[in-house]
Amino acid sequence: MSTPIVELKAVGKHFRGADGSARAVLEGVDFTLHEGEIVALLGQSGSGKSTMLRIMAGLIQADEGQVLYRGMPLYGTARGIRMVFQSFALFPWLTVQKNVELGLEAQGMAPDERARRAAKVIDLIGLSGFEGALPRELSGGMRQRVGIARALVMEPEVLLMDEAFSALDVLTGERLREEILELWQSGQIPTKAILVVSHNIEEAVMMADRVLIFASDPGRVRAELPISLPQPRKAESAEVRHLIDKVYELMTASAGRRGSNGLISEREVKLQLGDRLPQAGIAHMEGILELLAEEPFHGHADLPKIAEETELTDAELLEVLNALILLGFTYLTNGDILMTELGGQYVKANNTERQELFGKQLLEHVPLIAYICHGLQQDKSGDLPEDLFLKLLRFTLSEEEAERALRVAIEWGRYGDLFEYNFNTGVIQRPELTPKL
Ligand SMILES: Nc1ncnc2c1ncn2[C@@H]1O[C@H](COP(=O)(O)OP(=O)(O)OP(=O)(O)O)[C@@H](O)[C@H]1O
Ligand SMILES: [Mg+2]
């Protein structure tokens, strides 16, 4: 095994929710980044990937466990570890050159040395000719190049990239990713290890020597897939497609809280009242169900095939699939998605029947929605403020997630004709109380 550079040992991190209760975002995270490797980190939104990177970058501190850099405890930021963020955190009033020089300036490097180092990196990353430009004069792709240049100019031995390509259009993102790989392979940058967080499974498989899959609640490393294919890799090759298949399998495994046999049974995905809900809109759920019913799938599809047919990102697709599984419309076996009888019934039904069927599944499978309905039944006036439910959710979820879970519950419940919602007052009502137009 090659030399470890950064080691996380049983790292834990808690954040306080709105009610003051602590919530574990990371728990027992063990991870070692070695010299010479690119590792990709995949996981659902909110699973703590960015938090883990910020801990590795020394931007925030772990509450438990140890972070070692070259065998020594990491205190604060280290010169040798740099992070590239998804958003282009550039200073708008500084030129490209000055933005790139900033970190060197903070180190107290002499102006001419700074300028020399910055010019070299600006050239490497394809920004020559734009030295004097202001960020707003650049395209998104160019701005992200500045962000990367700003990290590279510090000559870090560890580069942490948090969805560095995801705000870019697909082609620009791919090109930039390939260029970074080239710089890395040709040894033009002194970087010794790279950790990338991605929402794109293909990107992870194309880049990495090792793919880590993060589990949520609390975040921890769930599975690991070594990738020994030589670079450059071909996205269409059978080997790459097979690996993408495998990653899907591992990711849905962690999403569905299932056993190791590859099957999600209804029993095992049973939600609790305070659980987060898959962030899936009705239109997307119906779209995927209909797609699945059609030629050439006929109710049985390989996950990557479905992914190819939709415009959803991998992360969005997983949310939609989780929602469909949760509600009993589909299930997963060995990375394949299969439609249940109920799913087939749904696709064939007319709109009213669909809503009815959906509502019935919600009551059975989503405790939050059943709880809201029960509350509305009990209440004489038949309407309740949403805050009531938000407060409840905040016992187990962060403020942001509580909000998200309630938004989903409201969208689903309205569609299932279980309750109405007044967008002006934030009041949830029994449906029969809302005059139908
Ligand atoms: N400073 C903070 N205070 C409170 N909660 C936080 C803070 N930072 C992150 N969290 C919470 O920690 C959880 C993990 O967040 P994190 O950003 O690490 O997830 P992520 O895996 O990077 O998600 P995404 O894929 O959406 O970027 C989330 O529930 C988030 O709301
Ligand atoms: Mg993140």
Exercise for review: Would you tally the net charge around THR191, using a Cβ to Cβ cut-off of less than 12 Å, leaving THR191 out, and scoring K and R as +1, D and E as -1?
Suggested key: -2
Review point. In Å, what is the Rg of the alpha-carbon atoms in the range 125-229, and how long is Dmax?
Key: 14.9, 47
Check your understanding: So what are the radius of gyration and Dmax for the Cα set of the range 1-160, in Å?
Key -> 17.6, 52
Exercise for review: Mind jotting down the distance between the C-alpha centroids of the range 139-164 and the range 201-227, whole Å?
Suggested key: 21
Point to revise | Cα-Cα over 22 Å, subset of LYS234/LYS305; LYS98/LYS120; LYS9/LYS246; LYS246/LYS305 | key: LYS9/LYS246
Check your understanding: So what's the chain giving for Cα Rg divided by 2.2 N^0.38 Å, two decimals?
Key -> 1.09
Check your understanding: If you place +1 on the Cβ of every Lys and Arg and -1 on the Cβ of every Asp and Glu, how big does the dipole about the Cα centre of the chain come out, in debye to the nearest 20?
Key -> 1200
Check your understanding: Rounded if a/c is under 1.5, else prolate if a/b is larger than b/c, else oblate: which is the range 267-346, with a ≥ b ≥ c the root eigenvalues of its Cα gyration tensor?
Key -> prolate
**Study point:** Helical mean residue ellipticity (222 nm; -39500 (n - 2.57) per DSSP H run of 4+; nearest 500) of the chain
**Key:** -12500 deg cm²/dmol
Review point. Out of ILE5, GLY375, LEU291, whose Cα points farthest toward the positive end of the dipole of the chain (charges: +1 Lys, Arg; -1 Asp, Glu; placed on Cβ)?
Key: ILE5
Check your understanding: With charges only on Cβ, +1 for K and R and -1 for D and E, what is the dipole size of the range 267-346 about its Cα centre, in debye, rounded to 20?
Key -> 460
**Study point:** Farthest positive-ward along the range 4-253 dipole, Cα basis, beta-carbon charges - from ALA89, ILE180, SER50
**Key:** ALA89
Review point. At what distance in angstrom do the alpha carbon centres of the range 324-343 and the range 1-64 lie from each other?
Key: 32
Review point. Each label point is 7 Å from the Cα along the Cα-to-Cβ direction; what then is the distance between the points at GLU239 and GLN378, in nm?
Key: 6.0
Revision key, fill the gap. In Å, the Kirkwood hydrodynamic radius from C-alpha pairs for the range 150-201 sits at 11.6
Exercise for review: Treat the count of other C-beta atoms within 10 Å as a stand-in for reagent exposure and order TRP412, TRP184, TRP93 from fewest to most.
Suggested key: TRP93, TRP184, TRP412
Practice item. Using only alpha carbon pairs under 8 Å that are at least six residues apart, calculate the relative contact order of the chain and give it in whole percent. Key: 15
Check your understanding: For the peptides 112-121, 161-170, what is the packing order when you average, over each peptide's residues, the other Cβ atoms within 10 Å and list the highest mean first?
Key -> 161-170, 112-121
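Every number in this text was worked out from the coordinates using simple rules, so none of it is lab data. Remember, it's a predicted structure, so these values are computed and weren't measured experimentally. Using ideal geometry, Cβ is built from the backbone for each residue, glycine included, and neighbour counts are taken over all protein chains shown.
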